[in-house]
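The structure under discussion appears below in the form of structure tokens.
The values are calculated or read from the model by the stated rules, or taken from the named source; none is laboratory data. Being a predicted model, the structure only gives us computed values, none of them experimental. No Cβ is skipped: glycine too gets one built from the backbone with ideal geometry, and neighbour counts run over all protein chains shown.
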């Protein structure tokens, strides 16, 4: 028998075993750092939690007789609400180290009646998540059937725009409250994305309403000036000086309207609704000025 070869083989085996132990210890230590990082954010940092889980799995694979890594994996599953998987890894740790106080503590905690309530709470959370998601998806489908939001001056169209804004706002308030409740116990990233898209649509509706208010006021001002042109023609024949004073005020008013239209257009909003009535107003005011010149 070649004893030297056996001794060398044993030394190689021991060295390999030592390297595996060291590699497992390193993976466990790195996983612990990521777990502590996740803990600082009350487990909102999902990437850190995922990294901890992957490293502890690596530690278990490299060194199967590592109870700490198994307890760590079990604890993460407990955080995620997977009671069955958590119990599996805690029992695995206990089988590796029967006197492990941590393993016993977690097994007892999971076996306690309170966890039956927590399991029910998990089901309720999943149901609430599904209902919230359904609410958002249904609203997104409804939005696709609606015309694009833009300013209006017609009273019926304005009322419809107000109704749409109210519906969107009601949905956002309800969904926001539900997402906030869910965010405290589960990942709501996908819901947040859907909520953001709906919120952007609501902001466009609100913008259309704001500019509709401005357009309605300007349309009324344009009509008011239009209505005063006829009487001003009559006044011109009676009292030119007084009529000239009124005309100057009218021209100032027209300039202010033009400034407001320019400002609206500068904000990227079409003023096409008021272009025709404003152009008509300018034509009539121009005709009025010509009459003033004739009466000079």
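If you go through the range 207-232 one residue at a time, how many are touching a helix residue (DSSP H, G or I) at 6+ places or on another chain (Cβ under 8 Å) and surrounded by fewer than 14 Cβ atoms within 10 Å (Cβ to Cβ)? Break it down stepwise before answering.
Taking the range 207-232 and keeping what is touching a helix residue (DSSP H, G or I) at 6+ places or on another chain (Cβ under 8 Å), we get 208-209, 211-212, 214-216, 218-219, 221-223, 225-226, 228-229, 232.
Then keep just the ones that are surrounded by fewer than 14 Cβ atoms within 10 Å (Cβ to Cβ); that gives 223.
Count: 1.
Does residue 263 satisfy being within 30 Å of residue 173 (Cα to Cα) and free of Cβ contacts under 8 Å to residues at least 24 places away in the same chain? Steps first, please.
Values: within 30 Å of residue 173 (Cα to Cα): no; free of Cβ contacts under 8 Å to residues at least 24 places away in the same chain: yes.
It is false that residue 263 is within 30 Å of residue 173 (Cα to Cα) and free of Cβ contacts under 8 Å to residues at least 24 places away in the same chain.
Identify all residues within the range 75-91 that are at pLDDT 80 or above, more than 13 Å from residue 108 (Cβ to Cβ) and out of contact with any helix residue (DSSP H, G or I) (no Cβ under 6 Å at 6 or more places or on another chain); write none if there are none.
Selection gives 75, 88.
Can you go through 246, 152 and tell me which one is surrounded by 14 or more Cβ atoms within 10 Å (Cβ to Cβ), over 30 Å from residue 130 (Cα atoms) and not assigned by TED's automatic domain parsing to the domain that holds residue 281? Walk me through it before giving the result.
Details: 246 fails: not assigned by TED's automatic domain parsing to the domain that holds residue 281.
Criteria check complete, one pass: 152.
Just one of (1) over 30 Å from residue 167 (Cβ atoms); (2) out of contact with any helix residue (DSSP H, G or I) (no Cβ under 6 Å at 6 or more places or on another chain) trips up residue 277, so point out which.
(2)
Restricting attention to the range 172-211, which residues are at pLDDT below 85 and farther than 18 Å from residue 140 by Cα?
If the condition is that a residue be at pLDDT below 85 and farther than 18 Å from residue 140 by Cα, then 180, 181, 182, 183, 184, 185, 186, 187 are the ones that fit.
Being at pLDDT 75 or above, in a helix (DSSP H, G or I) and out of contact with any helix residue (DSSP H, G or I) (no Cβ under 9 Å at 6 or more places or on another chain): is that true of residue 108 here?
Details: at pLDDT 75 or above: yes; in a helix (DSSP H, G or I): yes; out of contact with any helix residue (DSSP H, G or I) (no Cβ under 9 Å at 6 or more places or on another chain): yes.
Against the criterion (at pLDDT 75 or above, in a helix (DSSP H, G or I) and out of contact with any helix residue (DSSP H, G or I) (no Cβ under 9 Å at 6 or more places or on another chain)), residue 108 qualifies.
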